[in-house]
Amino acid sequence: MEDDFVPQPSLAHRLSRAWQVVFPTRRKGPSVAEVAKERLRLVLYSDREEFHPRLKKQLCGDIVTAMGDFLDVAVEDEDDVIFRVTRDPVVGSVYNVSVPVKRVKPALQKAL
């Protein structure tokens, strides 16, 4: 009957494994701190850029009213106006408001 001999790892190998457990090698991806910093930045950005729906509605209404002084706007209801906020690394927040327009008011066309 033969004994199944299983060789034991050397002392150097065991120390190497213990070292890896105590001091694991750094992962290739971003660190936990970097991920947390990015998440916090996104939360702060979304809080800062968040418009209350009533404020958004009022802002869009004011823009449509101001445009109405010069243009014939084709706004049937508030859903016709599209409001977007984007972030640009150079200028910061960019607000885009899309308003359907029929034409420049006839009285102003003569002046142009």
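Across the range 68-94, the qualifying residues are those that are among the small types (Gly, Ala, Ser) and part of a strand (DSSP E or B), and the one among them that is farthest from Lys56 (Cα to Cα) is Gly92. Of everything in the range 86-110 that is charged (D, E, K, R) and touching a residue at least 12 places away in the same chain (Cβ under 8 Å), the residue that is most open to solvent (accessible area, probe 1.4 Å) is Lys102. Within the range 45-61, residues that are modelled with pLDDT of 70 or more sit with their Cβ atoms under 7 Å from residues that are open to solvent by 80 Å² or more (accessible area, probe 1.4 Å) and not hydroxyl-bearing (Ser, Thr, Tyr), at 6+ positions apart or across chains, in these pairs: Lys57/Glu78; Cys60/Glu78. Can you find even one residue in the range 95-108 that is more than 22 Å from the chain's Cα centre (by Cα), closer than 30 Å to Arg41 by Cβ and outside any strand (DSSP E or B)? The answer is no, given that none of the residues of the range 95-108 is more than 22 Å from the chain's Cα centre (by Cα), closer than 30 Å to Arg41 by Cβ and outside any strand (DSSP E or B).
When Ala36 is tested against the conditions (1) modelled with pLDDT of 85 or more; (2) assigned to a helix (DSSP H, G or I), the lone failure is (1).
The values are calculated or read from the model by the stated rules, or taken from the named source; none is laboratory data. In this text, all values refer to a predicted model and were calculated from it rather than measured experimentally. We place every Cβ from the backbone using ideal geometry, glycine too, and count neighbours over all the protein chains shown. These accessible areas exclude ligands, DNA and RNA; they are computed on the full protein's heavy atoms, side chains included. Shrake-Rupley method; radii C 1.70, N 1.55, O 1.52, S 1.80 Å.
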